[in-house]
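All remarks here apply to the structure that follows.
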Amino acid sequence: MPEGGWRRGAAEVCGGFVRRHGWQLALLFAGVLLPMWAFMELADEVHEAEAIAFDEPLLLFAQSMASDGLDRWFLFFSAIGYARGVVPVDIGLVVVLFALRRWRQGLFAALATGGSGLLNMGCKRLFERDRPGLWESIAPETTYSFPSGHAMGSMTLALVLVVLSWHTRLRWWMLAAMTVFVPMVGLSRVYLGVHYPSDILAGWAAAAMWTIGVYLLVRRRGMGRATRH
């Protein structure tokens, strides 16, 4: 084959692949590879028992802002960020999707949320990072710290809801709501002094790479069309 023909053939194949799967490649990079890199960087510091530069200053800054009003506000977000909000919604979402025979969406939601919880428990046991002890928290925790279960759970649920609503008219409302909900849950854990900021970032990163990875595995052509209805 002439050199010019080889180049044209390679350009057609590569260009066609990028046109067909470009958004999937972007999602893979932004949703899996970048969070994986961030998680590994943080995990390496925790594994080596090295202090992360921004952890203590941000914790002390959060503590300096403490007030009765903020206490109530962040206790609320901390509560709904896991046992009293995220977990019941996770279970209810999976049950409803299966009851409506949305098998692929239900499988995606079940694997993403259930797997995220198991991954969090495994990581906590692996790294065994102690909780911050800069002051006595008004909502103390006794489990390990890294990564944050609240951060992972809220981010996982947010991504699942955004993905499931993406082909509906609710997508921008859902995206806006989750853009507020997820950071507030993470901030509440730092404000209460039960997590380092690096625990929150690691939880978000782990949730993103797990949820997007599950989506790319489960996704089929019919998933988006079924969600529209």
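None of the figures in this text is laboratory data; all of them are computed from the coordinates on show. Fair warning: this is a prediction, and the values are worked out from it, not measured in the lab. FYI the Cβ positions are ideal-geometry reconstructions off the backbone, even for glycines, and counts take in every protein chain you see.
Brief remarks follow.
- With the highest mean first, a sort of the peptides 50-57, 154-161 on other beta-carbon atoms found within 10 angstrom per residue produces 154-161, 50-57.
- Order of Met40, Met209 under a 10 Å beta carbon neighbour criterion, fewest first: Met40, Met209
- Global size of the stretch 101-229 as Cα Rg and Dmax, reported in angstrom: 16.1, 52
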